[in-house]
1. Looking at segment 41-77 only, could you name the residues that are farther than 18 Å from Gln127 by Cβ, of a type outside the set (S, T, N, Q) and part of a loop (DSSP other than H, G, I, E, B)?
2. Tell me yes or no: at least one residue of segment 74-93 is at pLDDT below 95 and hydroxyl-bearing (Ser, Thr, Tyr).
3. Among the numbered conditions (1) under 15 Å from Leu18 (Cα atoms); (2) crowded, with 16+ Cβ neighbours inside 10 Å; (3) among the basic types (Lys, Arg), tell me where Lys110 comes up short.
4. When the residues of segment 1-28 are narrowed to those that are in a loop (DSSP other than H, G, I, E, B) and aliphatic (A, V, I, L, M), which ends up most open to solvent (accessible area, probe 1.4 Å)?
5. Can you tell me which residue is farthest from Glu15 (Cα to Cα) among those in segment 113-134 that are β-branched (Val, Ile, Thr) and in a helix (DSSP H, G or I)?
6. Select from segment 29-49 the residues that are open to solvent by 90 Å² or more (accessible area, probe 1.4 Å), more than 22 Å from Glu108 (Cα to Cα) and of a type outside the set (Asp, Glu) and list them in ascending order.
7. Being crowded, with 16+ Cβ neighbours inside 10 Å and farther than 16 Å from Phe10 by Cα: is that true of Ile54 here?
8. Might you check whether a residue that is of a type in the set (Gly, Ala, Ser), under 17 Å from Tyr120 (Cα atoms) and in a loop (DSSP other than H, G, I, E, B) occurs anywhere in segment 29-40?
Amino acid sequence: MRSTKIVTSFIKDNEKLLILKRSDKVKSMKGLWAGISGIIEKNEEYLKRARIEIFEEVGITEDKITLVRSAEEMRINSPQYKNHEWKIFPFLFEAKNPIIKLNWENSEFKWINVEELKNYETVPSLQKVLFNLL
């Protein structure tokens, strides 16, 4: 089975959680709500990639976020590709009143309460990934 390593990060501001709507310009999962995600390149350190993705996708610099928690690698079967799985490395960060500047990968963002996530059409297993961090 082929696999792709991915970091998925969530940012919390007080009790609110940031979610992003994937744009129609990305290769996969268009229009679905997600955390901040990116493919891990080669033997890159997972936490470093998570911080890079946060800056690229929402414009928040490293000095404005604090790592709250990370979780063990999660394996999720890819619904798009046969015989393929994602190895997801989850992170939860905190930021105080961050200014969000989306890049082309996402079209919208929302601050929600954790229990509201079930009301959104998300990428596969997003709730499961988040609950491993809470």
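1. Residues satisfying the conditions are Glu41, Lys42, Glu44, Glu45, Gly59, Ile60, Ile65.
2. yes
3. It fails just one condition, (2).
4. Met1
5. Val129
6. Residues of segment 29-49 open to solvent by 90 Å² or more (accessible area, probe 1.4 Å): 30, 39, 41-43, 45, 48.
Remaining after also requiring more than 22 Å from Glu108 (Cα to Cα): 41-43, 45, 48.
If the condition is that a residue be open to solvent by 90 Å² or more (accessible area, probe 1.4 Å), more than 22 Å from Glu108 (Cα to Cα) and of a type outside the set (Asp, Glu), then Lys42, Asn43, Lys48 are the ones that fit.
7. no
8. yes
The values are calculated or read from the model by the stated rules, or taken from the named source; none is laboratory data. Predicted model, so just to flag it, every value in this text is computed and none were measured. As a convention, Cβ positions derive from the backbone with ideal geometry for all residues, glycine included, and neighbour counts pool all protein chains shown. Heavy atoms of the whole protein, side chains included, go into the accessibility calculation; ligands, DNA and RNA do not. Shrake-Rupley method; radii C 1.70, N 1.55, O 1.52, S 1.80 Å.
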